[in-house]
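Undergrad: Would you mind keeping the following structure in view while I ask a few things?
The values are calculated or read from the model by the stated rules, or taken from the named source; none is laboratory data. Only a predicted model underlies this, so the values are computations on that prediction, with no experimental measurement involved. A quick note on method: Cβ atoms are made from the backbone with ideal geometry, for glycine too, and the neighbour counts reach across all protein chains shown.
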Amino acid sequence: MAYALIAGLPIQYGIYGSAIAAMVAPIFAKSHFITLGPTNATSVMLLSAFASLGIAGAHMLSLVPLLILMVGIFIVIGAYFKVANFVQYISRSVITGYITAAALLIIANQIPKALGLTLPRKGATFYDSLTLITAHIETVHWVTLGVSLATAVLYIVLDRFFKALPNVAICLLAISAGTALWVGPDTGVSLLSGINASDWSLQAPTLAWSDIQLLASPALAIALLCILEGISIGKSLAAKTGARLNANQAMFSIGMANIGCAFFSGMPASGSLTRSSLSATSGGRSILASYISGVIVFIGAFVLGPYTKFIPQSTLAVLVIAIGISLLNKHAIRIVIRATKSDAVVFGTTFISGLILPLDTAIYIGVGISIILFLKKV
């Protein structure tokens, strides 16, 4: 739900995408190291892409399946031409710079929901979002702010003293119950929409040449990000067991998972660090681990989906802000800044570009400078 909220999509897109990606990828993967699903990086890229194009609402929802299909096709073509062999020449500083800028954009885009602000549109960049928040700060909804503060206090206490508990789930349940009992439906607090998974069906993307041209650049950027993110996670987890990852086969499974998501109302799928690590630490030793994860989410969509209508939007927004803050990795930033001058330049350029430009443009700039500096060294 949080990934869908980050991308500006209805929450069922995140749930359906998690289920489909986790069930489709194992069919084409030969390793169990990568568990696929929506991620922070791809979700905020989706938000930035449509915001920069000025597309929102029903028009955006009609184009999402085509965008995801294009992402999947780009990745499959890349796997055929063994593009994964060239990914190693792109500096890790690009991803660090992108994630840092994306984290700030995630936080800035959730602040209006946490405060109950009325904005004319979503911000396309971090700078644009801050400008919109500042200009409309007088529209703050005080009851919504109270619900947000209650969520923040509860989450901080749980995260401080009870780290082993599922704190996000506890916050959603507790604040939703409290809002229903003590705040009431007539106070103007916005709630999430309920999910009716029985309406979930196969929907083919609408193909139009003008739309394909419009979405080509963001689709290629998301595809590149999926490759960088997925392969780096897979290699890292494989190295811990002494195994080797077939990067091009992993790419192919990521591409097919995205194609599956395009036909079943999903989101762009990449290697999820959280889900991949959790699968490994929970004892997942085969590709069935990912499939079982997807089946559980699939069942959850039908059983628990209708109850999402009781969750305040501001509560989920505060939890997304907490996720965004957790992405600001001081240790990783310190390493790339101090490692070499080239890494520092790549990080700084990608980060600054991500603050003032759409994120798909920032990733292109970061990758381009990374490759140029690498070639200069060689």
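Undergrad: In the set Ile299, Ile212, which member is more than 21 Å from the chain's Cα centre (by Cα), within 28 Å of Asn85 (Cα to Cα) and not charged (D, E, K, R)? Break it down into steps so the answer makes sense when it comes.
TA: Working: Ile299 fails: within 28 Å of Asn85 (Cα to Cα).
Criteria check complete, one pass: Ile212.
Undergrad: A follow-up question, please. Within region 113-145, count every residue that is within 18 Å of Thr187 (Cβ to Cβ) and either surrounded by 18 or more Cβ atoms within 10 Å (Cβ to Cβ) or among the polar types (S, T, N, Q) (or both).
TA: Initial filter on region 113-145 (within 18 Å of Thr187 (Cβ to Cβ)): 113-118, 139-145.
Those still in the list that are either surrounded by 18 or more Cβ atoms within 10 Å (Cβ to Cβ) or among the polar types (S, T, N, Q) (or both) too: 113-118, 139, 141, 144.
Total meeting the criteria: 9.
Undergrad: A further question follows. Could you please find all residues in region 146-173 being within 19 Å of Leu5 (Cβ to Cβ), among the small types (Gly, Ala, Ser) and surrounded by 12 or more Cβ atoms within 10 Å (Cβ to Cβ)?
TA: Scanning region 146-173 gives Ser148, Ala150, Ala152.
Undergrad: Which residue, of Ser293, Ser279, Ser270, is touching a Lys or Arg at 6+ places or on another chain (Cβ under 9 Å) and among the hydroxyl-bearing types (Ser, Thr, Tyr)?
TA: Numbers: Ser279 fails: touching a Lys or Arg at 6+ places or on another chain (Cβ under 9 Å); Ser270 fails: touching a Lys or Arg at 6+ places or on another chain (Cβ under 9 Å).
That would be Ser293, the only listed residue that is touching a Lys or Arg at 6+ places or on another chain (Cβ under 9 Å) and among the hydroxyl-bearing types (Ser, Thr, Tyr).
Undergrad: Please go through region 161-191 and give me each residue that is at positive phi and in contact (Cβ under 8 Å) with a residue 60 or more places away in the chain, ordered by number.
TA: Within region 161-191, Gly188 is the sole residue that qualifies.
Undergrad: Among the residues of region 24-53, what is the count of those that are closer than 23 Å to Tyr364 by Cα and either assigned to a helix (DSSP H, G or I) or free of Cβ contacts under 8 Å to residues at least 24 places away in the same chain (or both)?
TA: So the answer is 14.
Undergrad: While we're on this one: Of the residues Phe298, Phe347, Phe310, Phe263, only one is of a type in the set (Phe, Trp, Tyr), more than 14 Å from Ser93 (Cα to Cα) and either at pLDDT below 90 or in contact with a Ser or Thr (Cβ under 8 Å, 6 or more places away or on another chain) (or both); which?
TA: Details: Phe298 fails: either at pLDDT below 90 or in contact with a Ser or Thr (Cβ under 8 Å, 6 or more places away or on another chain) (or both); Phe347 fails: more than 14 Å from Ser93 (Cα to Cα); Phe263 fails: either at pLDDT below 90 or in contact with a Ser or Thr (Cβ under 8 Å, 6 or more places away or on another chain) (or both).
The match here is Phe310.
Undergrad: Here's another thing I want to ask about it. When you look at Ser43, is it of a type outside the set (A, V, I, L, M), buried (at least 24 other Cβ atoms within 10 Å of the Cβ) and within 14 Å of Pro358 (Cα to Cα), yes or no?
TA: Working: of a type outside the set (A, V, I, L, M): yes; buried (at least 24 other Cβ atoms within 10 Å of the Cβ): yes; within 14 Å of Pro358 (Cα to Cα): yes.
Criteria met by Ser43.
Undergrad: Checking Tyr89 against (1) of a type outside the set (A, V, I, L, M); (2) part of a loop (DSSP other than H, G, I, E, B); (3) at pLDDT 85 or above: exactly one of these is not met. Which one?
TA: With respect to (1) of a type outside the set (A, V, I, L, M); (2) part of a loop (DSSP other than H, G, I, E, B); (3) at pLDDT 85 or above, Tyr89 is out only on (3).
Undergrad: Looking only at helices (runs of 4 or more DSSP H) that fall completely inside region 206-288, which ones have 1 or more residues that are within 21 Å of Pro358 (Cβ to Cβ) and out of contact with any His (no Cβ under 7 Å at 6 or more places or on another chain)? I'd like the intermediate steps shown before the answer.
TA: Numbers: elements: 209-241, 247-263, 273-281.
Qualifying helices (runs of 4 or more DSSP H): 209-241, 247-263.
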